[in-house]
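Structure record follows, encoded as structure tokens.
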Amino acid sequence: MRLHPVDGADARAVRDALPAALDGLRPIALGFTPDADDEVPDGTAVVIATSGSSGVPKRVVLSGDALTASARATARRVGEGQWMLPLLAGYVAGVQVLVRSLLAGHEPVMLDGHFGPQAFVDATAALDAGIRFTSLVPAQLSTLLDASTELPAVRTALAAYDAILIGGQSLPAPLRERALEAGASIVRTYGSSETAGGCVYDGIPLDGVRVVEIDGEVRVAGPTLATGYLGDPELTARVFVPDDVGVVWYRTGDAGTVSDAGVVSVHGRIDNVIVSGGVNVSLDRVERVVRGIPGLAQAVVIGTTDERWGEASVVFATELQNPDAVLETVRERVAAELGKPARPSHIHVLSQLPTLASGKPDREALRRLLR
């Protein structure tokens, strides 16, 4: 079947295109213009270009069955109601807000213009009375909480939702605590475009989703998996791997564990590792510790070369009054929790951290700044 491009920045256009896409009648391309010879399997609903925050962007093929299986599993977990969309509709989290709305028979409320505290308040006020949901990335949640001290209406709006799904990147513990204190009902989600969005909520897989840990890597199976990558059969074969009985497992590339009780814990990317003084250091774990320090909830940790240690990490942050003192605190905390080889060597203070359209940190832009 042929793909039909839709502007992912136009939420209403995506919403209008979804019914035919989910029925397999008119599959859509989000985030890229398909080539004339791009063909997708029958049943394809959406092909999404990933943000490419840590590598080359990929084009993920999602069937209507995968998207609806995810949406229905979410409804079974958190309930059905009306959704407000503050995310770009061209990314999987935005698509899923629209799919959940369609399946529930409710028109979603779309944010008017760019995301901001007042726009969030206005969109929340436009929701019908009843059960309400929305989905945010941590940076958006942080923006709202920062604004709530001067705009009490933001705090009221946050508390108006029966559940606020938080995904796209890890949620720092201090940020989660601030949100709970503000009365927000936070649900931490884990997933990706390849799993049709969040497939693990607060550590528990959605119904039908199976998660295992093999050689330290989190792998996922179930009805929400993508079909593969458009135009890249080799990558598809490496990432979507059938087992001995034919069950296909998605190799996430994430390091993590699954407890005996089935609780999933994700520690970061397997490949986001440096070797400092001969010791393997996970930059994701370093970043998690750094973000637990007051004032650094949105900090980003990047690897760099180091003449003495071979490799080291540096911290990018904003609005620090005394970077030297903060760096000392960071090094002490990281050393205490992860060991001395994991200590960052520098803090770079920027007026604003670069981000991708999805709201995630633009790590490649930060690496270019280092170079």
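Please state which of the following conditions Arg308 fails to meet, knowing it meets all the rest: (1) out of contact with any helix residue (DSSP H, G or I) (no Cβ under 6 Å at 6 or more places or on another chain); (2) at pLDDT 90 or above.
Of the numbered conditions (1) out of contact with any helix residue (DSSP H, G or I) (no Cβ under 6 Å at 6 or more places or on another chain); (2) at pLDDT 90 or above, the odd one out for Arg308 is (2).
Do the conditions hold for Thr224, that is, is it surrounded by 16 or more Cβ atoms within 10 Å (Cβ to Cβ), part of a loop (DSSP other than H, G, I, E, B), modelled with pLDDT of 95 or more and on the phi < 0 side of the Ramachandran plot?
yes
So, restricting to strands (runs of 3 or more DSSP E) that lie completely within the stretch 278-371, which ones have at least 2 residues that are closer than 23 Å to Glu177 by Cα and in contact with a Leu (Cβ under 7 Å, 6 or more places away or on another chain)?
300-306, 310-318
Mind checking which residues of the stretch 227-239 are buried (at least 17 other Cβ atoms within 10 Å of the Cβ) and without any contact (Cβ under 8 Å) to a residue 24 or more places away in the chain?
Scanning the stretch 227-239 gives a single hit, Thr236.
Take the residues of the stretch 230-243 that are outside any helix (DSSP H, G or I) and within 22 Å of the chain's Cα centre (by Cα): which is nearest to Ala29 (Cα to Cα)?
My answer is Leu230.
Quick check, is Glu150 more than 30 Å from Val248 (Cα to Cα), without any contact (Cβ under 8 Å) to a residue 12 or more places away in the chain and not in a helix (DSSP H, G or I)?
yes
Only one of these is at pLDDT 95 or above, farther than 30 Å from Ile270 by Cα and crowded, with 17+ Cβ neighbours inside 10 Å: Val47, Val60, Val109. Name it.
Just a single option satisfies the conditions, and that option is Val109.
Looking only at residues that are at negative phi and part of a loop (DSSP other than H, G, I, E, B) in the stretch 117-131, which one is surrounded by the fewest Cβ atoms within 10 Å (Cβ to Cβ)?
Result: Ala129.
Quick one: what pairs do we get from the stretch 211-223, first residue of a type in the set (A, V, I, L, M, F, W, C), second at pLDDT 95 or above and not in a strand (DSSP E or B), C-beta under 6 Å, 6+ apart or different chains?
Final answer for the pair search is Val220/Thr195; Ala221/Val247.
What are the residue pairs meeting all of these: first residue in the stretch 117-136, first residue small (Gly, Ala, Ser), second residue not in a loop (DSSP other than H, G, I, E, B), Cβ atoms under 7 Å, and 6 or more apart or on different chains?
From the stretch 117-136, the pairs are Ala123/Met84; Ala123/Val109; Ala126/Val109; Gly130/Gln82; Ser135/Ala93; Ser135/Val97; Ser135/Leu165.
Residue under question is Thr355, and the condition is that it be farther than 25 Å from Val266 by Cβ, surrounded by fewer than 20 Cβ atoms within 10 Å (Cβ to Cβ) and hydroxyl-bearing (Ser, Thr, Tyr); does it hold?
For Thr355, the condition - farther than 25 Å from Val266 by Cβ, surrounded by fewer than 20 Cβ atoms within 10 Å (Cβ to Cβ) and hydroxyl-bearing (Ser, Thr, Tyr) - is not met.
Would you mind finding the one in Gly262, Gly253, Gly246 that is outside the structural domain of Pro172 (by TED's automatic domain parsing), free of Cβ contacts under 8 Å to residues at least 40 places away in the same chain and outside any strand (DSSP E or B)?
Just one listed residue meets the conditions, Gly246.
Among all residue pairs at least 6 apart or on different chains, which show Cβ distances below 7 Å where the first residue, located in the stretch 314-332, is under 18 Å from Thr355 (Cβ atoms) and the second is at pLDDT below 90 and surrounded by 18 or more Cβ atoms within 10 Å (Cβ to Cβ)?
Here the result reads none, with nothing in the stretch 314-332 linked to a residue that is at pLDDT below 90 and surrounded by 18 or more Cβ atoms within 10 Å (Cβ to Cβ).
Where residues in the stretch 15-32 are within 23 Å of the chain's Cα centre (by Cα) and assigned to a loop (DSSP other than H, G, I, E, B), which of them is surrounded by the most Cβ atoms within 10 Å (Cβ to Cβ)?
Gly31
Conditions: (1) over 17 Å from Gly94 (Cα atoms); (2) modelled with pLDDT under 95. Leu180 meets all but one. Number of the miss?
(2)
Yes/no matrix, rows are residues, columns are (1) of a type in the set (Asp, Glu); (2) surrounded by 23 or more Cβ atoms within 10 Å (Cβ to Cβ); (3) outside the structural domain of Gly359 (by TED's automatic domain parsing):
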residue: Ala153; (1), (2), (3): no, no, yes
residue: Leu158; (1), (2), (3): no, yes, yes
residue: Arg176; (1), (2), (3): no, no, yes
residue: Gly197; (1), (2), (3): no, yes, yes
residue: Asp202; (1), (2), (3): yes, no, yes
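Per-residue answers, yes or no, for (1) crowded, with 18+ Cβ neighbours inside 10 Å; (2) in the same structural domain as Pro172 (by TED's automatic domain parsing); (3) not aliphatic (A, V, I, L, M):
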{"site": "Gly292", "(1), (2), (3)": "no, no, yes"}
{"site": "Leu296", "(1), (2), (3)": "yes, no, no"}
{"site": "Ile302", "(1), (2), (3)": "yes, no, no"}
{"site": "Glu319", "(1), (2), (3)": "no, no, yes"}
{"site": "Pro323", "(1), (2), (3)": "no, no, yes"}
{"site": "Val334", "(1), (2), (3)": "yes, no, no"}
{"site": "Glu337", "(1), (2), (3)": "no, no, yes"}
{"site": "Arg343", "(1), (2), (3)": "yes, no, yes"}
{"site": "Ala365", "(1), (2), (3)": "no, no, no"}
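Answer yes or no as to whether Gly203 is at pLDDT below 95, in contact with a strand residue (DSSP E or B) (Cβ under 6 Å, 6 or more places away or on another chain) and farther than 21 Å from Met84 by Cβ.
no
The values are calculated or read from the model by the stated rules, or taken from the named source; none is laboratory data. In this text the structure is predicted, and so the values were computed from the model without any measurement. Glycine gets a Cβ as well: all are built from the backbone with ideal geometry, and neighbour counts include every protein chain shown.
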